[in-house]
Amino acid sequence: MKRLLNLILLAVVFSFSLTAQTLDEVTKSYNEVVTGANDKPAETLTALTALLPKAEALGEEAAEITGKITGMLPTLQYNTARMAHDKKDMDGAIVGFEKTVELSEKYNNPDMAKQVNKQLPMLYYTQGSAKLKAKDRTGAMTAFNKALAMDADYSRAYYGIGKAFRGQSMDSVLYYTDKAIALAGPNSKETTGYKKGARITTSKAAAEAAKAGKKQEALNLYEKALMYTGASDEKNLSKYNYKIAKIYQGMGKTSDACAAYGKVKDAKYAESAKYEMKEKLKCN
C-alpha cells in the first residue's frame, strides 16, 4: 500500500513538472510567433492556429495564452485577406474574409464580423464581374447571388445579373436592370451607368432585330432604348427616333413614321428626316 502511494505521488510530481514545462514552451512559442504579427500575418496566423490546441490542452493554466491567441486570430485572418485583396487575388481575398467572419463569430468578435459582412457584397460583385468578363456566366451568377444573399438591396448585383443575361434573354436583362435602377434611385451615379449600359444593349439588339427583318421586335427595343436615354442626349434621342420612323415607314404606317421623324432634332439626322417627311410621306 505504501509503495502504491509513493508511485501515485511520483506520478503527480512528474505530471506537474511536465505541465509546467509544456506551459513554458507554449508561452515561449507564443512570444516568438507574435513578433511577426504585423509584417507576416499569414505566417503568424498559421503558427498560432497550430499552437492553439496545445494551449487549450493545458486548461486553466494556459487560459491567458489561449485568450490572447483566440483574440488575435480574427484580426490576423482579416489582415491576411486584405493582403490577398491588395494583390488583386479576389478569390483568395473572399475566402479569407469568409474565414474572418467564421473566426470572429467563433471567438466572440462581433464588430469584426459586422465590418467584413459589410464588405463582402462588394467583393462578390467584383468577383462576379471578373468571371463575367472571363465568360464564366455560371460563376458570375453565383457570385452576384451571394452578394444579394447578404444585401438584398444591393443594386450592383442586380445589374450584374442583368449583364449575365445579355445575349440570352433580353427580358431578363431589362428586368434586372430596372430593378437595379429602382434600388439605386433616379439621381444616383450608379443609375446613370445602368441606363447607359441598358441603352447600348437595347439599341444594339434593336439593330440586330431590324437587320433580321423582325420589325416589331426592333420597334419595341428602340422604344426601350429611348426610355434609357437622358433628356439632354439629343444625339441618341434623334438617332433612335429616326430608326423608329424608318421602321414604321417600311411597315406602311405613315402617321407613326411622321410622328417619329418629327422628334428628330440632331443635325446629323434632321435634314434626312425633313426630306422623308416632306418628299416621301407628305406629312402634314
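Derivation of every value follows stated rules applied to the coordinates shown; laboratory data play no part. Predicted model only: the values in this text are computed from it and were never measured. Glycine also receives a Cβ, built like all others from the backbone with ideal geometry; neighbour counts cover every protein chain displayed.
Data for the structure
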{"item": "Positive-end residue, the chain charge dipole about Cα centroid, Cβ charges, pick of S169, N108, G213", "result": "G213"}
{"item": "Set of aspartates and glutamates with alpha-carbon distance to K106 below 18 Å, sequence-local pairs under 8 removed", "result": "E56, E64, E98"}
{"item": "The chain, Cα convex hull volume normalised per residue, Å³", "result": "165"}
{"item": "Overall Cα dimensions of the range 153-230, principal axis frame, Å, largest first", "result": "39, 25, 13"}
{"item": "Base-10 log of normalised Debye intensity for the range 14-151 (one unit scatterer per alpha-carbon) at q = 0.14, 0.21, 0.22 Å⁻¹", "result": "-0.70, -1.15, -1.22"}
{"item": "Label zone at M83 (point 7 Å along Cα-to-Cβ), backbone N below 14 Å, the range 95-117", "result": "96-97"}
{"item": "C-alpha long axis of helix 110-133 to longest principal axis of the chain, angle in °", "result": "50"}
{"item": "Proxy reagent accessibility, fewest Cβ within 10 Å first, across M83, M170", "result": "M83, M170"}
{"item": "Length added when fully stretched, D91-N38, from 0.36 nm per residue minus Cα-Cα", "result": "16.8 nm"}
{"item": "Length-normalised contact order of the chain in % [C-alpha pairs under 8 Å, at least 6 apart]", "result": "7"}
{"item": "Most mobile of A143, A57, A225 in a GNM of the chain (Cα contacts under 10 Å)", "result": "A57"}
{"item": "Restraint check, K88/K133; K88/K118; K135/K163; K215/K265, Cα-Cα greater than 22 Å", "result": "K215/K265"}
{"item": "Sites K28 and Q115 - FRET efficiency at Förster radius 45 Å, r taken between beta-carbons, to 0.05", "result": "0.85"}
{"item": "Charge dipole magnitude, Cβ of K and R +1, D and E -1 - the chain, Cα centre, debye nearest 20", "result": "2100"}
{"item": "Whole-number D in µm²/s for the range 236-284 (Stokes-Einstein; Kirkwood sum over Cα pairs; 10 °C, 1.306 mPa s)", "result": "157"}
{"item": "Karplus-derived 3J(HN,Hα), 6.51/-1.76/1.60, for each residue of the range 204-220, Hz, glycine and proline x", "result": "5, 5, 5, 4, 5, 5, 5, 5, 7, x, 8, 5, 5, 4, 4, 4, 4"}
{"item": "Tilt relative to the chain, helix 41-57 - C-alpha long axis, 0 to 90 degrees, to 10", "result": "40"}
{"item": "Hydrodynamic radius (Kirkwood) for the range 170-284, which is based on Cα pairs only, to one decimal in Å", "result": "14.7"}
{"item": "Between helix 2-34 and the chain: long-axis angle, C-alpha atoms, 0 to 90°, nearest 10", "result": "40"}
